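Asker: One structure follows; several queries about it will come next.
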Amino acid sequence: MLTGISLITQHLARKLDQQSNALANEANEIVSHLQEADRFARALSRTLVPIPVDEKGLKRTFQTLCIQIGRLYDVTCNFLADDSAFTHVERIPRAATNIYRIIQEATTNAVRHGGASKIAISLRENSQGIQLTIRDNGKGFSGDEDQSNGLGIQSMRYRAHILGGKLRIDRLEAQSGASIVVTIPRWVSPQGPQ
């Protein structure tokens with residue numbers, strides 16, 4: 001619908017411009033806002049659908065995501081994971097989609113806001129459950145930014161929360177950059193621990 005309205009408005013803006021009407025600039029500004037809203041709506045809708053799981057499995061899906069991040073943002077992106085972590089992720093309802101979306105948001109923030117050129121993603125299983133870590137070499141966070149009400153951070157916190165987990169943001173003192181750590185506890189099914 002937004003695309004259609006944008007096209008109609010573009011047509012109107014062209015007509016106004018051809019008539020040297022002063023309203024042409026305002027119509028072009030409306031077109032710009034409609035296109036931005038359309039891009040936002042499309043990006044939002046992509047986060048609502050399940051992730052495209054590679055036929056070779058979930059681990060390959062996450063490796064492909066890292067490759068795509070590297071190409072999209074022209075950064076070095078490395079992904080390391082324990083096979084046991086994926087076995088655990090597959091047992092938790094909605095875990096794969098939420099972890100995938102946290103990685104997308106964290107890497108986007110690292111590049112857009114932090115200016116990162118290197119991103120390292122790891123998914124490990126430990127005694128508490130699963131730990132997802134996304135580290136970057138960008139400018140990091142300052143002050144209370146990790147407590148921010150920014151939509152991206154809120155979204156990541158929410159996704160961790162619905163999996164029973166916690167999200168922590170660390171500023172890397174020894175080097176530039178930030179580290180986002182999501183810890184997801186071992187999932188307990190109605191039949192007991194898995």
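The values are calculated or read from the model by the stated rules, or taken from the named source; none is laboratory data. Computed from a prediction, not measured in an experiment: that's the story for all the values here. Heads up, the Cβs are rebuilt from the backbone with ideal geometry, glycines too, and the neighbour counts pull from every protein chain shown. When the accessible area is computed, the model is the full protein with side chains, heavy atoms only, and any ligands, DNA or RNA have been set aside. Shrake-Rupley method; radii C 1.70, N 1.55, O 1.52, S 1.80 Å.
Asker: Taking θ as phi - 60°, what are the ³J(HN,Hα) couplings along segment 82-88 by the Karplus curve (6.51, -1.76, 1.60), each to the nearest whole Hz, with x for Gly and Pro?
Answerer: Those phi angles translate into 8, 4, 5, 5, 5, 4, 5 Hz.
Asker: Something else: Working out 0.36 nm times the residue gap between Q19 and R124, then minus their Cα-Cα distance, what length gain in nm do you get to one decimal? Write down the numbers at each step before the final one.
Answerer: Working: separation 105, 0.36 × 105 = 37.80 nm, distance 6.32 nm.
Stretched fully, the Q19-R124 segment lengthens by 31.5 nm.
Asker: Could I ask something else about it? With labels modelled as points extended 7 Å from the Cα through the Cβ direction, what inter-label distance (nm, one decimal) is found for T108 paired with D38?
Answerer: Distance between the two pseudo-spin positions: 1.9 nm.
Asker: May I pose another question? Computing the accessible area with a 1.4 Å probe over protein heavy atoms, can you report the carbon and sulfur percentage for segment 57-143? Kindly include the intermediate steps, with their values, before the conclusion.
Answerer: On the way: 1830 of 4060 Å².
Roughly 45 percent, rounded to a whole number.
Asker: Could you calculate the contour length gain from Q10 to Q154, that is, 0.36 nm times the residue separation minus the distance between their Cα atoms, to one decimal place in nm?
Answerer: Working: separation 144, 0.36 × 144 = 51.84 nm, distance 3.50 nm.
That works out to 48.3 nm of additional length.
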